[in-house]
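Have a look at the structure below before the remarks.
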Amino acid sequence: MPSQNPRRNPYLSALLVPPAVVLLLVEEVIWAGLKALMARLGRLPAVARLEAHIQTLPPWGAALLFLAPGAAMLPFKLMALWAMAQGHFLWGLLVLLAAKLTATALFARIYTLCKPTLMTVPWFVRLHDWINGLKAWAHARLNGWRLWRFSRRIIGRMRAWVTSVLA
């Protein structure tokens, strides 16, 4: 009897779905945790003043600021690669992880602060819609898997734990 979805290869799916689940779980948990942490930092008076100024940026300023975390972390990522090439793999990996977490935290906060302004920039709207469409497609594909549904429950628990730790 033919499969209901002839394009779905069960072996390929079994190979690709677990890493996709882990990637999406980690992304969601880290994003939520870093976003909460940066919001807490935003309560500091000096940071609150800076954030208030960021929210008044014109669209081109918000777009440049939106791209800044990736550019600012590039030297650290290059340093990490250099360290790995010199045989200091653990040191390089730690620097790379720290740079990635820092850039993600800054990116998450800037996204939150600048999203209304950025949604007036055509290229950002296209990028935003494309990424959200890609995520919706991935979630729709994964929703049929028991492993994914189990992972969603774990995400909820981890998100609640991260929120309680940061609260």
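The values are calculated or read from the model by the stated rules, or taken from the named source; none is laboratory data. Remember, predicted model here, so these are calculated numbers, not experimental data. When we count neighbours, we look across all protein chains shown, and the Cβ atoms used for this are built from the backbone with ideal geometry, even at glycine. These area figures cover heavy atoms from the full protein model, side chains too; ligands, DNA and RNA do not enter into them. Shrake-Rupley method; radii C 1.70, N 1.55, O 1.52, S 1.80 Å.
What the table shows:
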| item | result |
| --- | --- |
| Residue check for Gly70: within 24 Å of Gly42 (Cα to Cα), open to solvent by 40 Å² or more (accessible area, probe 1.4 Å) and of a type outside the set (A, V, I, L, M) | yes |
| Of residues in segment 1-30 being assigned to a loop (DSSP other than H, G, I, E, B) and among the polar types (S, T, N, Q), the one modelled with the highest pLDDT | Asn9 |
| Residue count for segment 78-95, restricted to those that are part of a helix (DSSP H, G or I) and either among the small types (Gly, Ala, Ser) or modelled with pLDDT under 90 (or both) | 4 |
| Residue in segment 51-68 that is of a type in the set (Ser, Thr, Tyr) and without any contact (Cβ under 8 Å) to a residue 24 or more places away in the chain present | yes |
| Verdict on Ala108 being assigned to a helix (DSSP H, G or I) and exposed (fewer than 14 other Cβ atoms within 10 Å of the Cβ) | no |
| When residues of segment 115-150 are limited to those that are within 21 Å of Leu67 (Cα to Cα) and not in a helix (DSSP H, G or I), the one nearest to the chain's Cα centre (by Cα) | Met119 |
| Residue list for segment 31-61, filter: modelled with pLDDT under 85 and more than 13 Å from Arg109 (Cα to Cα) | none |
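Residues checked against (1) open to solvent by 50 Å² or more (accessible area, probe 1.4 Å); (2) without any contact (Cβ under 8 Å) to a residue 60 or more places away in the chain; (3) more than 20 Å from Val22 (Cα to Cα):
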| position | (1), (2), (3) |
| --- | --- |
| Lys115 | yes, yes, yes |
| Val121 | no, no, yes |
| Arg126 | yes, yes, yes |
| Asn132 | yes, yes, no |
| His139 | no, no, no |
| Leu142 | no, no, no |
| Leu147 | yes, no, no |
| Ser151 | no, no, no |
| Arg159 | yes, no, no |
